[in-house]
1. On C-alpha positions alone, give me the angle between the axis of helix 198-225 and the longest principal axis of the chain, in degrees, nearest 10.
2. Under a 1.4 Å probe, what is the accessible area of the stretch 147-282 per residue, stated in Å²?
3. Quick one: helix 97-109 against the long Cα principal axis of the chain, what's the angle to the nearest 10°, folded into 0 to 90?
4. Beta carbons within 10 angstrom, averaged per residue: use that to sort the peptides 198-206, 277-285, highest first.
5. Mind checking the stretch 164-238 for GluC sites (Glu not before Pro) that DSSP puts in a loop (not H, G, I, E or B) and that have at most 16 other Cβ atoms within 10 Å?
6. In whole Å and largest first, what semi-axes does the C-alpha gyration tensor of the stretch 48-93 yield when each eigenvalue is scaled by 5 and square-rooted?
7. Just to verify a number: FRET efficiency for residue 195 and residue 75, C-beta to C-beta distance, R0 = 30 Å, to 0.05?
8. Can you sort 208, 32 by 1.4 Å-probe accessible area, starting with the largest?
Amino acid sequence: MNNTAVAVIGLGMMGQALAAAFVNAARPTTVWNRTQGKAEHLIEMGASQAPTVTAAVTAAPLVIICVRDYDAVRELLAPAEAHLSGRVLVNLTSGASDEARAMAEWAAERGAGYLDGAIMMTPPGIGAPQTVILYGGSPELYEVHEKTLAVLGGGTTLLSYDVGIPSLYDVALLGIMWSTFNGFMHAAALLNTEKIAATDFMPLAGDWLTGVASFLTAYAHQIDEGEYAASDATLETQLPPLSHLLHESRIRGIDATMHEYTKTLIDEAIANGHALDSYARIIEHFRTPAA
Ligand SMILES: NC(=O)c1ccc[n+]([C@@H]2O[C@H](COP(=O)([O-])OP(=O)(O)OC[C@H]3O[C@@H](n4cnc5c(N)ncnc54)[C@H](OP(=O)(O)O)[C@@H]3O)[C@@H](O)[C@H]2O)c1
């Protein structure tokens, strides 16, 4: 199966990168996009352009689709649905777990195999050995196409038989990304008030993030065990430095709303009698916010 032909439907920024990786790996690649004019450089590289979505689907046993959302997937594939039987549809569009499960049923009703994938990378990283793409679906189906899918990223992994699980990991990881982005933006804004450039701050910030990631390992064990005894710092100990951060932000005119939210979480846990617990105790707020 090392030279399986592929069809790539959707040539946005991500779809173009996916198609280019297949062409670079010498896989016969057919491409199609709703709006014309996005396939030119792929054709120059050696891809074939299908005139219709049906022609794209029938050009290959492995059909990769990567568009804006799952509604667009269904809309696009509707004219070609009679031709999906016996093919494998790999949906790399971002979505939620319920959408992925519904899409798998839709594909099964049309006789198609289905893998759902979450791309944990931006387009320039597609094809790199460290690039992670998380898959859900039948292990047998995944095994057949694993080498072809690994062309898109060396860190390609089958997470679960359940096609909804990659989307769940995707949103969970993106949540970490956005909260980290906000932490960094706030910190850079603080330092900018003393004309310290974000690029000068970056080496310390990067090392700090590595340290913070190591704290999470201990918290993960505590979360799984439901025991939050502090071995590093208690919630109570974290209140004064958090207050300093809020004060420093206030005197410099920097928005600290996200950190005020952190204070409400710690205050709530302390009010509930958990002052001597570790930060891992805060998981209980997310599990039962009403409580
Ligand atoms: N870019 C990233 O860094 C990244 C990373 C991980 C995952 N993803 C996911 O990859 C998917 C594609 O992202 P992208 O960056 O390629 O987005 P994009 O550059 O905005 O491209 C969107 C693609 O979806 C198509 N599309 C949008 N609405 C459509 C509709 N109603 N019917 C048919 N086609 C429609 C567009 O076709 P037209 O050209 O005709 O508009 C285009 O091919 C998304 O689910 C995104 O979340 C992206």
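1. 90
2. Per-residue value: 60 Å².
3. 20
4. Highest to lowest by the protection proxy: 277-285, 198-206.
5. On the way: sites: 194, 225, 227, 236; in loops: 194, 227.
Qualifying residues, ordered by number: 194, 227.
6. Details: eigenvalues 48, 26, 23 Å².
Semi-axis lengths for the stretch 48-93 are 15, 11, 11 Å.
7. Values: r = 51 Å, r/R0 = 1.70.
The pair residue 195/residue 75 has a calculated efficiency of 0.05.
8. 208, 32
The values are calculated or read from the model by the stated rules, or taken from the named source; none is laboratory data. Because the structure is predicted, anything quoted here is derived from the model rather than measured. Methodologically, a virtual Cβ is constructed for each residue, glycine included, from the backbone with ideal geometry; neighbour enumeration extends over all protein chains shown. Heads up: the accessible areas ignore ligands, DNA and RNA and are worked out on the full protein's heavy atoms, side chains in. Shrake-Rupley method; radii C 1.70, N 1.55, O 1.52, S 1.80 Å.
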